[in-house]
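Enquirer: Take this structure, written in structure tokens, and hold onto it; I'll ask about it next.
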Amino acid sequence: WLTPRASTLAALLFALGGHMTAKVEQVNQLQALAWLPWLLLVANQFVISNRSRHRFGLAFSIIFALQFLAGHTQTTFISLIGIVLWSILTIASERPATYSRKFLRNLRVFGLSFLGRFAPLIPYLCLALMLTGAQLLPTIELSQHSLRSGGLPFQEAVSFSLHPLLLGRALLPGFSRTLFTEFIGYVGLSGLLLTLTGLAVLVTNDSGRPRFIPAALLACIGIFLALG
């Protein structure tokens, strides 16, 4: 999809960007987030590839188990949502010409395509959960006796949401007081400008849209969910 230089730059922006470096004091989140690119890679290869799916499925099971064992369940849950959304967006943008103007027919064609491509990944997800069973089962038992056993009220659950007025400060350098570490999404002005340039090229380049639309939409959905 990307040239080696572009891929290396994207990896550096992820690994050395503001969000990841802000997690240095939250070791379990940092260790769990480090597995996210690998999860997206193997899940994407599983969905788009017609060969070696068994190999990519086993890789997904192992990487997902490693992320789960890193000790931050929320990150694993968010990663799983990201994988499902990425798969949906990738399949939807892969062959848009196969869809007619009829909404119900589009929905049926897409649903069958998604089930046929993504559903075989579910057994590998179950295998990952089995690999984590030695920690997962005692944790479930312990959580029933913890402060979180009764869940969280709605107001408390959304209390860590990013306020829309702080979005600019989250994505740009903080010249005044710093934000809470979980709100920092700064990747550098150069990285942000390159991202906007890439989106601009995406709009004007029809041939590149099917490949890069999923990434752009996933980023937009991530920002939307961050707002609570």
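Enquirer: Among the candidates Phe103, Phe118, Phe110, single out the residue that is at pLDDT below 85 and open to solvent by 100 Å² or more (accessible area, probe 1.4 Å).
Expert: Phe103
Enquirer: Hey, any hits in region 168-181 for a residue that's more than 24 Å from the chain's Cα centre (by Cα), surrounded by 11 or more Cβ atoms within 10 Å (Cβ to Cβ) and not basic (Lys, Arg)?
Expert: Checked against the condition, which is being more than 24 Å from the chain's Cα centre (by Cα), surrounded by 11 or more Cβ atoms within 10 Å (Cβ to Cβ) and not basic (Lys, Arg), region 168-181 yields at least one hit.
Enquirer: List the residue pairs whose Cβ atoms are under 7 Å apart, where the first residue sits in region 52-79 and is touching a residue at least 40 places away in the same chain (Cβ under 8 Å), the second is exposed (fewer than 15 other Cβ atoms within 10 Å of the Cβ) and among the polar types (S, T, N, Q), and the two are 6 or more positions apart or on different chains.
Expert: Hits for this filter: Leu69/Gln135; Ala70/Asn28; Gly71/Asn28; His72/Asn28.
Enquirer: Given the criteria at pLDDT 90 or above, more than 27 Å from Ala226 (Cβ to Cβ) and in a helix (DSSP H, G or I), does Arg55 qualify? Walk me through it before giving the result.
Expert: Numbers: at pLDDT 90 or above: yes; more than 27 Å from Ala226 (Cβ to Cβ): yes; in a helix (DSSP H, G or I): yes.
Answer is yes for this residue.
Enquirer: Determine which member of the set Gln45, Gln29 is out of contact with any strand residue (DSSP E or B) (no Cβ under 8 Å at 6 or more places or on another chain), farther than 20 Å from Phe183 by Cα, surrounded by 15 or more Cβ atoms within 10 Å (Cβ to Cβ) and of a type outside the set (Phe, Trp, Tyr).
Expert: Checking each option against the conditions leaves just Gln45.
Enquirer: If you don't mind, there's one more thing I want to ask. Report yes if some residue within region 69-85 is of a type in the set (A, V, I, L, M), under 22 Å from Leu179 (Cβ atoms), in a helix (DSSP H, G or I) and out of contact with any helix residue (DSSP H, G or I) (no Cβ under 7 Å at 6 or more places or on another chain); otherwise report no.
Expert: Looking through region 69-85, at least one residue is of a type in the set (A, V, I, L, M), under 22 Å from Leu179 (Cβ atoms), in a helix (DSSP H, G or I) and out of contact with any helix residue (DSSP H, G or I) (no Cβ under 7 Å at 6 or more places or on another chain).
Enquirer: A further question follows. Determine which single condition Ile184 fails, assuming it passes every other condition in (1) β-branched (Val, Ile, Thr); (2) surrounded by 13 or more Cβ atoms within 10 Å (Cβ to Cβ); (3) over 29 Å from Ala59 (Cβ atoms); (4) over 20 Å from the mean Cα position of the chain (by Cα).
Expert: Status for Ile184: all satisfied but (4).
Enquirer: Going by the conditions given, is Gly222 surrounded by fewer than 17 Cβ atoms within 10 Å (Cβ to Cβ), at pLDDT 80 or above and either of a type in the set (S, T, N, Q) or assigned to a loop (DSSP other than H, G, I, E, B) (or both)? Before you say what the answer is, go through the steps one by one.
Expert: Values: surrounded by fewer than 17 Cβ atoms within 10 Å (Cβ to Cβ): yes; at pLDDT 80 or above: yes; either of a type in the set (S, T, N, Q) or assigned to a loop (DSSP other than H, G, I, E, B) (or both): no.
Here the answer is no, as Gly222 does not meet what is asked.
Enquirer: Can you name the condition, by its number, that Ala11 falls short on among (1) surrounded by 13 or more Cβ atoms within 10 Å (Cβ to Cβ); (2) within 19 Å of Ala219 (Cα to Cα)?
Expert: (1)
Enquirer: Just for region 145-162: of the residues that are surrounded by 10 or more Cβ atoms within 10 Å (Cβ to Cβ) and modelled with pLDDT of 85 or more, which one is farthest from Gln74 (Cα to Cα)?
Expert: The selected residue is Leu162.
Enquirer: Same structure, new question: Examine region 20-41 for a residue that is touching a residue at least 60 places away in the same chain (Cβ under 8 Å) and among the aromatic types (Phe, Trp, Tyr), and state whether such a residue exists.
Expert: Let us first name the residues in region 20-41 that are touching a residue at least 60 places away in the same chain (Cβ under 8 Å), namely 22-23, 25-26.
Those left that are additionally among the aromatic types (Phe, Trp, Tyr): none.
Scanning region 20-41 turns up no residue that is touching a residue at least 60 places away in the same chain (Cβ under 8 Å) and among the aromatic types (Phe, Trp, Tyr).
The values are calculated or read from the model by the stated rules, or taken from the named source; none is laboratory data. Computed from a predicted structure; not experimentally measured. No Cβ is skipped: glycine too gets one built from the backbone with ideal geometry, and neighbour counts run over all protein chains shown. Heavy atoms of the whole protein, side chains included, go into the accessibility calculation; ligands, DNA and RNA do not. Shrake-Rupley method; radii C 1.70, N 1.55, O 1.52, S 1.80 Å.
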